[in-house]
1. How much of the DSSP beta bridge set in region B:90-294 is antiparallel, as a percent to the nearest 5?
2. What does the convex hull of the alpha-carbon atoms of region B:181-299 project to on average, in nm²?
3. Which of B:TYR192, B:TYR202, B:TYR236 moves the most in a Gaussian network model of chain B with Cα springs under 10 Å?
4. Cα-Cα over 27 Å: which of B:LYS268/B:LYS298; A:LYS65/A:LYS260; B:LYS133/B:LYS268; A:LYS44/B:LYS155; A:LYS65/B:LYS155; A:LYS260/B:LYS44?
5. Take chain A, connect every pair of alpha-carbon atoms lying under 10 Å apart with a spring to form a Gaussian network, then pick out the residue of A:ALA255, A:ALA39, A:ALA265 with the largest mean-square fluctuation.
6. In sequence order, what are the phi-derived ³J(HN,Hα) couplings for region B:274-280 according to the Karplus relation 6.51 cos²θ - 1.76 cosθ + 1.60 with θ = phi - 60°, rounded to whole Hz, with x for glycine and proline?
7. At a threshold of 8 angstrom on Cα-Cα distance, excluding pairs fewer than six apart, so keeping six or more, what relative contact order does chain B reach in percent?
8. Which whole-Hz ³J(HN,Hα) couplings does region A:139-155 yield from phi under the Karplus relation 6.51 cos²θ - 1.76 cosθ + 1.60, θ = phi - 60°, glycine and proline marked x?
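Here, each number is a calculation from the coordinates, and none is a lab measurement. Worth saying up front: this structure is predicted, and the values here are computed from it rather than measured. Please note: Cβ atoms are built from the backbone with ideal geometry, for glycine as well, and neighbour counts cover all protein chains shown.
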Protein chains: 2
Amino acid sequence: MNNAKSALPKLPYFAEDTSEAVVNSRMGENVNPRLRQVAEVLVKHLHAAVKEIEPTHEEWFAAIKFLTETGQMCNEWRQEYILLSDILGVSMLVDSINHRRPSGATPNTILGPFYVENAPKYELGHNICLDQKGEPLVVRGQVRDIAGRVIEGAKVDVWQTNDDGFYDVQQPGVQPEANLRGVFSTAADGTYWFKSVKPRFYPIPADGPVGKLLLNLGRHPNRAAHLHFIVSAPGYDTVITHIFTPDCPYLEEDAVFGVKQDLVADFKKIDDPIEAEAIGLNEPFWLVDWDFVLAPQKS
Amino acid sequence: MNNAKSALPKLPYFAEDTSEAVVNSRMGENVNPRLRQVAEVLVKHLHAAVKEIEPTHEEWFAAIKFLTETGQMCNEWRQEYILLSDILGVSMLVDSINHRRPSGATPNTILGPFYVENAPKYELGHNICLDQKGEPLVVRGQVRDIAGRVIEGAKVDVWQTNDDGFYDVQQPGVQPEANLRGVFSTAADGTYWFKSVKPRFYPIPADGPVGKLLLNLGRHPNRAAHLHFIVSAPGYDTVITHIFTPDCPYLEEDAVFGVKQDLVADFKKIDDPIEAEAIGLNEPFWLVDWDFVLAPQKS
């Protein structure tokens with residue numbers, strides 16, 4: 001970004017071949033330099049897209065209508081423009097650009113709309129599934145830094161759907177409050193573990209303009225089954241990430257492109273009753289060994 | 001457009017460097033080919049713009065908020081997304097792409113929101129200014145085709161602001177109904193003429209998100225002063241166009257980029273009382289000689 005950049009020479013009259021320059025040259029002298037840069041890039045790509053598409057007047061008006069309806073679908077509980085950003089891969093792209101990490105560090109993925117701050121803090125080994133519904137799951141592992149040093153007291157904040165594909169906040173009165181959410185703190189050797197149930201895939205809200213667009217694009221609205229995590233420790237770059245189940249039918253076609261190769265876990269089925277009893281379960285369970293690797297905080 | 005084009009090979013997992021291909025490869029097999037083409041081009045340019053801008057999470061959310069508010073500003077009387085399209089030059093670009101005409105034909109420009117169908121039909125020479133406010137104006141000329149043949153019975157539909165920069169529909173009860181609107185029909189020699197008043201510049205609605213954006217871009221909301229026309233005749237491409245006054249302070253910075261060089265007219269001041277009396281005026285007036293040239297209708 002060049003703060004000293006001055007406005008372009010004025011090109012007064014519109015013509016198809018100079019359209020980008022005409023529009024961008026209209027900006028004033030005292031525009032915020034970042035806004036100037038963003039506006040210039042957006043106008044460049046917007047005009048290039050229009051010239052490539054050559055929309056009819058009717059197609060242009062259909063676009064106006066879609067953008068309007070997407071805005072009007074939003075309310076206190078529903079953000080249709082974030083959904084649009086999600087299904088076009090823009091949310092993941094912005095997330096990736098802002099979370100480029102050194103090799104070996106756990107990759108980021110999108111936060112999503114179901115995170116709730118101040119979930120209950122539990123001792124290691126606690127079962128976050130409060131209604132005993134679903135296939136039992138144990139997740140265990142270690143939090144380290146990229147140099148291999150274990151991190152004691154790292155915060156492991158987890159949230160996930162139940163066995164039916166719903167978060168607690170989507171089913172008040174059906175699921176117990178704070179079901180399938182919890183905050184754990186790693187032990188002196190950096191380890192953590194907790195009990196839960198296997199999560200299920202779920203659809204993003206598909207009853208609005210974005211759902212209709214997905215349908216017209218021959219796509220479905222389902223997110224691949226996953227557990228969400230925010231893992232943090234002082235001095236380290238906070239990681240917002242997922243663990244994906246490997247057997248979900250939507251693993252390779254997550255509606256919001258949230259899956260990264262390195263975030264697909266191995267879910268081992270443990271049928272041995274002695275192993276089950278050792279961790280306080282009386283039935284077969286799924287076991288996931290999963291370490292988180294944190295990079296140093298950026299200055 | 002290639003109807004036979006099949007879906008791209010599936011690239012399941014998101015990565016920053018392949019983001020465009022991952023998103024576009026997700027489309028189904030049986031997608032409308034035009035929708036496929038439009039979606040592919042939009043995703044390409046959208047991802048390219050995001051990669052060039054590298055928005056922070058906060059900037060991305062500011063964009064989500066702007067798009068949402070723009071949609072929520074729309075109602076039965078207000079179309080904020082058309083305004084956004086207008087001030088970014090997109091409306092003019094779409095208009096230009098759809099109205100490429102042979103050399104010599106009158107250029108098109110945007111329709112705008114103030115056209116009213118079925119305006120009163122008048123005899124040639126009628127004064128469309130019903131309240132006698134403003135500086136008198138006479139517009140006269142000929143409608144021809146690009147081969148130079150005069151067109152009898154061509155419809156010349158005109159509308160404009162008053163001397164204060166308002167259309168009749170913006171000031172019900174202040175201006176007479178159908179003030180400064182009228183439909184004329186050319187004589188056997190293709191000529192038309194009518195009386196009116198000199199129009200004034202006016203602002204597009206600037207109290208919403210688009211007005212705030214204009215302010216932040218160091219731009220003003222004013223349209224250069226003009227008369228609007230729709231000129232049509234059977235067998236010819238209908239022309240939606242303007243005549244601009246040459247002395248408007250906003251001529252070179254029309255907020256919606258509607259001005260084309262060939263649409264700026266010469267407004268001659270006639271002070272001769274004999275000339276004024278000859279056309280039924282008792283004061284000095286502005287005279288515009290303006291011919292419209294129609295191209296054959298496209299098949």
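1. Given both bridge residues lie in region B:90-294, the antiparallel proportion sits at roughly 75 percent.
2. The Cα convex hull of region B:181-299, projected and averaged over all directions, gives 10.4 nm².
3. The residue that fluctuates most here is B:TYR236.
4. As for pairs spanning more than 27 Å Cα to Cα, those are B:LYS268/B:LYS298; A:LYS65/A:LYS260; A:LYS44/B:LYS155; A:LYS65/B:LYS155.
5. The residue that fluctuates most here is A:ALA39.
6. So the J values, rounded to whole Hz, are 5, 4, 4, 4, 4, 10, x.
7. 19 percent
8. Couplings: 10, 8, x, 9, 9, 10, 9, 5, 8, x, 6, 6, 10, 7, x, 5, 8 Hz.
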